[in-house]
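J.: Structure below; questions to follow.
The numbers here are math on the coordinates, done by the rules we state, and not lab data. The shown structure was predicted, so the numbers you read here are calculated from the model rather than taken from an experiment. Virtual Cβ from ideal backbone geometry, glycine too; neighbours counted across all protein chains shown.
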Amino acid sequence: MRSIKERNYTVFFTLCQPQTSTFVIFSHILCFMKDFSLVKSLFKDCLKPEDRYQKIIAMGKKLPPIAEKHRISENIIPGCQSIVYLHTELREGKLFFTAASDALISSGLAALLILAYDGTSPEVVLKQEPSFLEELQITTSLTPGRSNGLASMYLRMQQDALKFLLPLK
């Protein structure tokens with residue numbers, strides 16, 4: 001068992017055997033790629049939908065609190081079953097996210113996306129979709145309403161990334 005501390009998140013995972021497949025990534029694309037292996041490793045033992053659901057809820061319980069000043073209507077994500085706030089900051093060319101929700105499952109879904117994209121460039125958020133959600137069968141473990149909320153969260157992250165890339169004049 002190993003522990004990684006990233007910003008306010010501590011993630012525990014078991015080291016996995018290296019993949020047998022090798023992917024060739026061209027150097028001009030490399031700066032836009034994000035390795036989601038950490039996120040994938042968290043769910044490797046979740047074989048049933050209930051296990052994935054419980055893992056997401058546990059992530060929601062560990063989501064660091066969002067500052068009260070960011071609990072404003074502009075940060076509410078439309079399309080979620082629960083009230084979800086998402087605040088995005090750009091520091092030194094990297095995006096940093098904080099989120100909060102009144103429902104643990106929504107908090108967990110936000111935590112999942114934050115773990116995947118926090119500290120990445122706006123280009124990564126825009127160009128690299130969270131394909132790991134399908135690979136891990138997370139979207140199939142959710143109700144259609146929660147799945148739509150998850151898509152809305154990612155869409156907001158993309159909109160914020162674009163906003164930082166194309167600042168208003």
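J.: How large is the Kirkwood hydrodynamic radius of segment 93-169, in angstrom, based on all distinct alpha carbon pairs?
T.: The answer is 13.0 Å.
J.: Here is a follow-up. Based on the Cβ-Cβ distance from Asp51 to Leu165, what FRET efficiency comes out when R0 is 45 Å, to the nearest 0.05?
T.: Efficiency, from the Cβ-Cβ distance: 0.75.
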